[in-house]
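The values are calculated or read from the model by the stated rules, or taken from the named source; none is laboratory data. Predicted model, so just to flag it, every value in this text is computed and none were measured. FYI the Cβ positions are ideal-geometry reconstructions off the backbone, even for glycines, and counts take in every protein chain you see. The accessibility values were calculated without ligands, DNA or RNA, using every heavy atom of the protein model including side chains. Shrake-Rupley method; radii C 1.70, N 1.55, O 1.52, S 1.80 Å.
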Amino acid sequence: MSVFSEHRLLTRRGPVKNLLKACHAGRLVGGLSVSLRALPDEVVGALTHAMGGEARRFKVLDVRVGTPMVMEVMHDQVHEKWEVENVEGLVHNLNDLFRGAPDVKLTAVLGEWEDMLQVWCVSREALAALLDARLLDEARNLSALVAIREGSAEPR
C-alpha cells in the first residue's frame, strides 16, 4: 500500500509522478495553490482552515502593509506581532506556532508550479510517512518539517 492511499492523501486514483503538478491539479488532500502575488494576510484564512484543529481559532487583528508585512495576531489569548516577508514566512510562523498541537496539520511548501506556490497541509502521521518515503525531499521547508517531527528546535 502506498503512502498516498494509506493516509488518504489523494482526491482521485492514479499515480502521482510530481507533487507540484498533483497539488496544482487539486489531487492532494490539503493541497493549496497560492498566487505568487498573494500577500500573507490574503491567504491566512485558507491556510489555517486547511491546517484544521485549533489553527481555526487563529485570529488576525491588524495588518500593516509593507516589507515586511506586520501582522498582529492572537491565538489562545496570546497577542503577538509577526513580521512576514511572504506566504512562505507565514507558513513558517504557523508551523512553529502549532508545532506542539497534535490536531493541527503541518504545512509543506512544495515549490512553484504554473506561477503558483504549492503548499500541502498534512497530518503529523502522514508527514512522518512522507518524510520516511523521501517524498518531501524537494520541499522548500524540509529542514523545518524534519525539526518539528524530531521535536527539536529548527536549525538556523
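A few remarks follow.
- For the chain, adding -39500 (n - 2.57) for each run of n ≥ 4 DSSP H residues and dividing by the number of residues yields -9000 deg cm²/dmol at 222 nm.
- Gain in span if fully extended, ARG124 to THR11, counting 0.36 nm per residue against the direct Cα distance: 38.8 nm
- Only protein heavy atoms count here; under a 1.4 Å probe, ASP132 has an accessible surface of about 100 Å².
- Solvent-accessible heavy-atom area per residue, rounded to whole Å², over the chain at 1.4 Å: 56 Å²
- Cα-based Kirkwood hydrodynamic radius, segment 30-148, one decimal, Å: 14.5 Å
- Our estimate of slack between SER2 and GLU83, defined as 0.36 nm per intervening residue step minus the Cα-Cα distance, is 25.3 nm.
- If R0 is 25 Å, the Cβ-Cβ spacing of VAL146 and ASP103 corresponds to a FRET efficiency of close to 0.75.
- Accessible area per residue (1.4 Å probe, heavy atoms of protein chains only) ranks ASP41, ASP115 as ASP115, ASP41, with the largest value leading.
- Label positions at ALA38 and LEU61, each projected 7 Å from the Cα along the C-beta direction, are separated by 2.6 nm.
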